[in-house]
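Notes to accompany the following structure.
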Amino acid sequence: MQNRGCKGRRVVEGTLRGDHEAHRLNSIVLHEKHHASCACLLGSAAMNASALSSHLLSRRVVRNSTRAQSMVEFGLVAPIAFLLIFGIIVSGLYIMNDIRISNVLRDSARAGAICSNTNGVTQNGITISLPNGQSCNDSNFSSYVNSQLSTIDNNYDWSANTTIDVVDSSGTTVGNSLSNCEAGYTIVVSTQYQQQLYLPLVGILFGSPASNSATIQGSGSATCETK
């Protein structure tokens with residue numbers, strides 16, 4: 001009986017020892033699986049990080065490439081665009097001054113026609129005078145014309161480039177004084193102005209590329225009025 005008990009005990013102990021070994025082996029297996037799972041997760045995270053880094057780097061390279069391309073295109077287009085815009089501005093200035101000169105000369109000729117041969121004359125209780133209030137004589141009329149033209153360019157010598165003529169019905173010049181006006185005659189105020197164009201390209205279109213200027217010639221006329 002004792003041997004059987006010991007034998008049975010050995011069986012029990014063997015069984016317990018076997019369970020312990022199995023538990024230990026299971027723990028080792030679980031531990032290895034845990035390490036393998038962590039390694040897998042770490043590897044996956046590393047791969048994801050590497051992919052993200054590659055994606056960001058690719059986007060950065062594309063963005064820098066696009067920016068560099070835009071800068072090159074801007075460097076090529078900007079000078080041409082600047083020349084075109086500046087050319088449009090100068091062309092507009094030329095056209096505007098041409099119109100302004102024509103308007104000033106036409107109004108001045110009309111003022112001279114009203115004043116013609118009427119110095120100090122009073123009509124309907126009103127003494128005829130120039131629009132600036134000065135009396136109607138050649139000196140005041142010439143000063144009035146130059147002062148009106150000076151509003152276009154105050155630094156230009158208008159008096160040296162402006163003429164006042166009186167022509168008869170056949171177109172023949174009969175004088176340059178207001179006193180020369182008679183019924184049917186015409187007073188003509190003419191001038192020329194050197195407009196700076198600044199760009200040879202605009203000079204080719206409107207004037208001389210060598211001097212970058214163009215001559216604006218204008219005139220205004222009105223029929224003389226007699227007292």
Worksheet item: Could you put THR223, THR151, THR186 in order, starting from the residue whose Cβ has the fewest other Cβ atoms within 10 Å?
Response: THR151, THR223, THR186
Discussion item. Quick one: 3J(HN,Hα) in Hz for the stretch 138-143, Karplus 6.51/-1.76/1.60 with θ = phi - 60°, rounded, Gly and Pro as x.
Written reply: 4, 5, 5, 5, 4, 5
Practice prompt. Would you order GLU225, GLU73 from fewest to most other beta-carbon atoms within 10 Å of each residue's own beta-carbon?
Written response: GLU73, GLU225
Worksheet, complete the sentence: Counting sequence-distant residues (5 or more places) and residues on other chains, those with an amide H built under 5 Å from that of GLY175 are VAL166
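So how do ASP107, ASP157 line up by other beta-carbon neighbours within 10 Å, fewest first? Write out the running numbers ahead of the final one.
Details: ASP107 16, ASP157 10.
Fewest to most other Cβ atoms nearby, the residues stand as ASP157, ASP107.
None of the figures in this text is laboratory data; all of them are computed from the coordinates on show. From a predicted model like this one, the values you see are computed outputs, not experimental measurements. Virtual Cβ from ideal backbone geometry, glycine too; neighbours counted across all protein chains shown.
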